[in-house]
Amino acid sequence: MGLSTQLKCIDCGATFSLDQVRYTCDCGGLLDVARDLEEARDGALRETFDRRLGGRSLADASGVWRFRELILPAPEEAIVSRPEGNTSQYRSARLSKWTGLDDLALKHEGENPTGSFKDRGMTVGVTQARQVSARAVACASTGNTSASLASYGALAGLPVIIFVPEGKIAFGKLSQALAYGARTLQVKGDFDDAMQLVQDVCRELDIYLLNSINPFRVEGQKAIILETLQQRDWQPPDWIVLPAGNLGNASAFGKALYEAHQLGLISRVPRLAAVQAEGANPFYRSFTGGFRQRERVHAETIATAIKIGDPVSFTRAVRAIEWTNGVVTQVSDSEIMDAKAQVDAAGIGCEPASASSAAGIKKLVTEGVIKPGESAVAILTGHLLKDPGATVDYHLNRLEGITPAYANAPVVVEPTVDAVRQVLRRDA
Ligand code: F0G
């Protein structure tokens, strides 16, 4: 089943065919991949999605392409997939106690092939790049998008050019981009400068842009929500909580929930809670002003993945919060790193930005926004090993302005059993 699909401006409603290479409307508005949901309202989609579980074809095995009617009409042989998705939802008594929320699940998007949720958008974005015969692909990135694009681009045999803020991305991510063979440009500036530059470069040099301003990326990331719902037998939680930076994911989550509800896949819409770092909080500031104004800030946070002051998907994300009766909150770097230490010590582990969802839940429970009897799914967006520097510095108490509440510093010992005995005795 292929649903009628086109590109549609979220501001003025102008439409374009899917094979046009454009990321914004002539009016400047962002574009959606819009489909005729009426055509799929017969209830068969849920059975189709469930029937594909355990399927062996690449498309069925992917936690993105399993939901292809709601992702992108593409022939199976055109799909560039590793395959991604199929990430776990964890429960942890320790984290329930720490956040104050009994019914808490953590969905670990760090289990994707390159270690972050970006693979979900990239499989679709790179597939579309091939569909429109792109000659090269590019993105600006705080690290994970570039790691993902470098991998999927290599898989598709496309030249990849990435723009990262010089000296400001975590080593795990930079090493991936270099290893997968992407032409890596370290821009003298921050992410927001790199984002501006890559848009100019793509326009002038005819390169296909694969940041989340690209509506096909958003379509792929919707699968985080579809898979979460499927894993819960289509019973939605009360809340879905996620870190927010460039706002692609918040946009995707809102669109997925809207469409799932319209199609009757779910009978009620969970509320989104988007969590920003205090030093990179333009979306939070706009939210507290009733979204009357778009805010921009100079971003500074230890969670380099979300160190973004002028998010490109702003208008789409406002819509997502409005559609879901959602909220936006902010947490300090200390709260982020302590939350990370808790997620890590639970045996689950994540990178700093990801932990802002756990920190956000704790804060929203304390404030009474999330009620103790409610259920929540926290999205962990990236793998623990993405940013080993931040983890080690936390446990060694080397982070400026942060006093670690849960430090686990290593101990240097003489190579004798006696020395070890003394250390363990101290622990007991
Ligand atoms: N968590 C992680 C680990 C990320 O890498 C990002 C974004 C986010 C959360 C925020 O998601 O941008 O959709 O609001 N990283 C981008 C990158 C910006 O370049 O890798 P968002």
Give the Rg (one decimal place) followed by the Dmax (whole number) of the range 229-382, computed from C-alpha coordinates and expressed in Å. 14.7, 42
Taking the Cα centre of the range 272-428 as origin, sum charge times position over the Cβ atoms of Lys and Arg (+1) and Asp and Glu (-1), and report the length of that vector in debye to the nearest 20. 440 debye
Once neighbouring chains are kept in place and the probe is 1.4 Å, which whole percent of the accessible area of the chain is contributed by carbon and sulfur? 48 percent
Per-residue ³J(HN,Hα) for the range 51-59, Karplus 6.51 cos²θ - 1.76 cosθ + 1.60, θ = phi - 60°, Hz, x for Gly and Pro: 5, 6, 4, x, x, 9, 5, 4, 5
Among the DSSP beta bridges whose two residues both lie in the chain, what percent are antiparallel, rounded to the nearest 5? 25 percent
Over 20 Å between alpha carbons, listed pairs Lys107/Lys168; Lys340/Lys386; Lys362/Lys386; Lys97/Lys386; Lys8/Lys222: Lys107/Lys168; Lys362/Lys386; Lys97/Lys386
Around Trp239, which amide H atoms from residues at least 5 apart in sequence, or from another chain, sit under 5 Å from its own amide H, with H modelled in the peptide plane? Arg271, Ser375, Ala376, Val377
When ligands, DNA and RNA are left out and all protein chains stay put, how many square angstrom of accessible area per residue does the range 42-171 have with a 1.4 Å probe? 36 Å²
Percentage of Cα-Cα pair distances in the range 29-170 greater than 24 Å, rounded to whole percent? 44 percent
12 Å beta-carbon shell around Cys25, net charge (K/R +1, D/E -1): -1
Between Ile370 and residues 5 or more places away or on another chain, the pairs with built amide H atoms under 5 Å apart involve Val365
Taking just the alpha carbons, could you work out the radius of gyration and Dmax for the range 1-102, both in angstroms? 18.2, 51
Amide H contacts of Ala14 (H built 1.01 Å from N, under 5 Å, at least 5 apart or other chain): Cys9
Qualifying trypsin sites (Lys or Arg not before Pro) for the range 207-278 [loop in DSSP, other Cβ within 10 Å: at most 13]: Arg268
The answer for trypsin sites (Lys or Arg not before Pro) in the range 349-428 that fall in a DSSP coil and have at most 16 neighbouring Cβ atoms within 10 Å is Arg398
Nearest 0.05, what FRET efficiency do Glu47 and Cys27 give at R0 = 45 Å with Cβ-Cβ as r? 0.70
With only Lys, Arg, Asp and Glu charged, each at its Cβ (+1 for the first two, -1 for the last two), find how big the charge dipole of the chain is about the Cα centre; round to the nearest 20 debye. 300 debye
Once each part is reduced to its C-alpha centroid, what is the distance from the range 345-369 to the range 94-114 in angstrom? 8 Å
With a cut-off of at most 10 other beta carbons within 10 Å, and DSSP calling the residue loop, which trypsin sites (Lys or Arg not before Pro) in the range 32-64 qualify? Please list them. Arg56
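The values are calculated or read from the model by the stated rules, or taken from the named source; none is laboratory data. Predicted model, so just to flag it, every value in this text is computed and none were measured. Note that we place each Cβ from the backbone using ideal geometry, even for glycine, and neighbour counts take in every protein chain shown. What goes into the accessible areas is simple: the full protein's heavy atoms, side chains included, and nothing from ligands, DNA or RNA. Shrake-Rupley method; radii C 1.70, N 1.55, O 1.52, S 1.80 Å.
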